[in-house]
1. Sort out which residues of the range 86-109 are more than 11 Å from the chain's Cα centre (by Cα) and assigned to a loop (DSSP other than H, G, I, E, B), and write them in order of number.
2. Would you call Ile90 farther than 18 Å from Leu182 by Cβ and not basic (Lys, Arg)?
3. Applying the selection to the range 167-182, what residues are without any contact (Cβ under 8 Å) to a residue 40 or more places away in the chain and assigned to a loop (DSSP other than H, G, I, E, B)?
4. Would you call Phe125 at pLDDT below 95, at positive phi and of a type outside the set (Gly, Ala, Ser)?
5. As an exercise: evaluate Lys152 against (1) in a helix (DSSP H, G or I); (2) touching a residue at least 60 places away in the same chain (Cβ under 8 Å) and give the number of the one condition it does not meet.
6. Go through (1) open to solvent by 70 Å² or more (accessible area, probe 1.4 Å); (2) within 19 Å of Asp181 (Cβ to Cβ); (3) not aromatic (Phe, Trp, Tyr) for Arg81 and report which single condition fails.
7. For Ala70, all conditions in the list (1) in a loop (DSSP other than H, G, I, E, B); (2) in contact (Cβ under 8 Å) with a residue 24 or more places away in the chain; (3) surrounded by 15 or more Cβ atoms within 10 Å (Cβ to Cβ) hold save one; what is the number of the exception?
Amino acid sequence: MTKIKCICGKCELHLNDKKIYYSLFCGCEDCRQAAKWGERKGGKSPEKLQKLIYMRSDISNVKGKKFMKAFQLRKDARSTRVYCISCYSILGIDHPSYENNVFMLIPFLCNTNFDTTVKPIATIFLDDYPYELPINLSNNTLMYNNFKNKEKEKKLDSILAKLKPIYKNAKGKSLQNLIKDLGKIEILNLKKGSD
């Protein structure tokens, strides 16, 4: 059984599909700010450059739902993150562009029982990244400072289209439906440009 668990063990998501569809490195402010907020609440200290993986949004079982809460960074946020409110692990991230088909996971900030060593295919939002990049990174992935270059964006979209699962209704519950079940999403009102 494929599991995503919080660090303290109170929350688990069991998935029907164990396949990782793709992985990216992300330098965006939102990923960094959400992870730092969790750290300040008692969560694990995040990596500077977050490795993201994308899983099929098909949850067969939820354990510890009473310890889960959905948060958005700001009122105009598009991403919704599900945290364990005991240890502030991030269990999953939904975004409208995922179309309820996949969800995002930062494997470093939780525990999994599956292999998360899949190689990222691109590094995105480098305009937001305030640190020096790891030396060998540019040799291993496509690099995107932003998504203003339509030709480069089309190239990444083309690659991702081949890697995403074909949309079908989930056998279980999608992450979007879990978020609805958790009740009101808490807006953190974090200021852009601050960790």
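1. Of everything in the range 86-109, those that are more than 11 Å from the chain's Cα centre (by Cα) and assigned to a loop (DSSP other than H, G, I, E, B) turn out to be Ser86, Cys87, Tyr88, Ser89, Glu99, Asn100, Asn101.
2. no
3. Of everything in the range 167-182, those that are without any contact (Cβ under 8 Å) to a residue 40 or more places away in the chain and assigned to a loop (DSSP other than H, G, I, E, B) turn out to be Lys168, Asn169.
4. yes
5. (2)
6. Evaluating Arg81 over (1) open to solvent by 70 Å² or more (accessible area, probe 1.4 Å); (2) within 19 Å of Asp181 (Cβ to Cβ); (3) not aromatic (Phe, Trp, Tyr) leaves (1) as the failure.
7. (1)
A quick yes/no check of all residues on (1) of a type in the set (Ser, Thr, Tyr); (2) open to solvent by 90 Å² or more (accessible area, probe 1.4 Å); (3) closer than 27 Å to Leu13 by Cα:
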| residue | (1), (2), (3) |
| --- | --- |
| Asn100 | no, no, yes |
| Ile121 | no, no, yes |
| Asp128 | no, no, no |
| Lys150 | no, yes, no |
| Glu153 | no, no, no |
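The values are calculated or read from the model by the stated rules, or taken from the named source; none is laboratory data. The shown structure was predicted, so the numbers you read here are calculated from the model rather than taken from an experiment. Here the Cβ is made from the backbone with ideal geometry for all residues, glycine too, and neighbour counts use every protein chain on show. These area figures cover heavy atoms from the full protein model, side chains too; ligands, DNA and RNA do not enter into them. Shrake-Rupley method; radii C 1.70, N 1.55, O 1.52, S 1.80 Å.
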